[in-house]
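Encoded as structure tokens, the structure appears first; notes follow it.
Rule-based calculations on the coordinates, nothing more; no lab input. Keep in mind that this is a model prediction, so the values were computed, not measured. Methodologically, a virtual Cβ is constructed for each residue, glycine included, from the backbone with ideal geometry; neighbour enumeration extends over all protein chains shown.
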Amino acid sequence: MHRMSRSAICASVHLTLVLSVARAAEPSHNQGPAPYAAEMNKKFTDPHADIHHFVSRFENDSRDIYVKRHDITRAVGLRPGDAVADIGAGTGLFSLLFAAQVGPKGIVYAVDIGPVFVNYIATQAKKHEYDSIIKPVLNTRESTCLAPGSIDVAFVCDTYHHFEHPEKMLASIHQALRPGGRLVIIDFDLHENSSEFVKQRARAAKEVYCREITAAGYQLIEKKDVCAIQENFYAEFRRVER
Ligand SMILES: C[S@@+](CC[C@H](N)C(=O)[O-])C[C@H]1O[C@@H](n2cnc3c(N)ncnc32)[C@H](O)[C@@H]1O
């Protein structure tokens, strides 16, 4: 596990990009991060949170992301030796699958703002003998706390709508990505017919999120035959050089 203090790690993360997040004029719902994000993040960052509660919520057959986890992992298409950041790693559901894909020459940064998640992932990594591949990182709400140019792929699953400072997180991810690196986002696609569950959580439609992301220095990659996940979209972006 990374032993650097949070401030030491973050001190190295100077955001050099001046980004403007497009506050889109789409039929939307809320502009800016949903109040839900800050509220929900309180539970995630509680140092006394019950990790087993979250394991049963995130790793559950009633969650389509969990059911399709292998399809999703295949779609991300990591190669042996890649460095990937699972940002908002939660219980490490994808961190463990990515570790198998990148192998002993690769690295998986399991990044989360919740100490219980980071600690749990560290124990899981050890249990599955991935502790030399998976590096848990306790980040901040504004920064990935990853070194510049340290990753090939950033993976953000069911987490973008939790970002309280999306423009800062996008800048931090941009800086952490190597030239040509990819950002993969899976999140709720909010529209009129969305379920109440999604309406209470998501703040915008896929198009709005995509505009925010492209405005932050990423280009949408058109990809066919990507797994369809109920009520969610899957989108990939490439870091654009500035
Ligand atoms: C709904 S969970 C998703 C977990 C995992 N990606 C999955 O799909 O199973 C959202 C996670 O995002 C984390 N999170 C929220 N804001 C974050 C931020 N700015 N940086 C990193 N993690 C964040 C929360 O602590 C929580 O673990």
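Ordering of 84-90, 155-161, 210-216, 228-234 by packing is 84-90, 155-161, 210-216, 228-234, highest average first (other Cβ atoms within 10 Å, averaged per residue). One equal scatterer on each Cα of region 77-128, no solvent, Debye formula: the resulting log10 I(q)/I(0) at q = 0.18, 0.19, 0.21 Å⁻¹ is -0.49, -0.55, -0.66.
Counting only residues at least eight positions apart within a chain, or on another chain, the aspartates and glutamates with an alpha carbon under 13 Å from that of LYS199 are ASP187, ASP189, GLU231.
For TYR36 and HIS48, calculate 0.36 nm times their separation in residues minus their Cα-Cα distance, and state this gained length in nm to one decimal. Could you put the intermediate results ahead of the total?
Details: separation 12, 0.36 × 12 = 4.32 nm, distance 2.02 nm.
Difference between extended and current length: 2.3 nm.
Taking Cβ atoms as reference points and 12 Å as the exclusive limit, the residues near ALA235 contribute a net charge of -1, counting Lys and Arg as +1 and Asp and Glu as -1. Answer rounded, prolate or oblate for region 97-222, using the Cα gyration tensor with square roots of eigenvalues a ≥ b ≥ c: rounded when a/c is under 1.5, else prolate when a/b is larger than b/c, else oblate. Prolate, because a/c is 1.5 or more and a/b exceeds b/c.
Counting only lysines at least 8 places from LYS223 when in the same chain, those with an alpha carbon closer than 23 Å to its own are LYS68, LYS206. Relative to one another, the C-alpha centroids of region 150-204 and region 81-121 are positioned 16 Å apart. With the convex hull drawn over the C-alpha atoms of region 105-163, the volume per residue is 91 Å³. Taking 18 Å as the straight-line reach from the Cα of LYS105, the lysines in range (excluding those fewer than 8 positions away in the same chain) are LYS126, LYS135.
Restricting the count to DSSP beta bridges whose residues both fall in the chain, what percent are antiparallel, rounded to a multiple of 5? Taking every DSSP beta bridge within the chain, about 40 percent pair in antiparallel fashion. Packing-based ranking of 181-188, 64-71 yields 181-188, 64-71, ordered from highest to lowest mean Cβ neighbour count within 10 Å. Gain on full extension, evaluated as 0.36 nm per residue between LYS105 and GLN219 minus their Cα-Cα distance, stands at 38.2 nm.
Rounded if a/c is under 1.5, else prolate if a/b beats b/c, else oblate: with a ≥ b ≥ c from the C-alpha gyration tensor eigenvalues square-rooted, which is the chain? It is rounded, given that a/c, with a ≥ b ≥ c, falls under 1.5.
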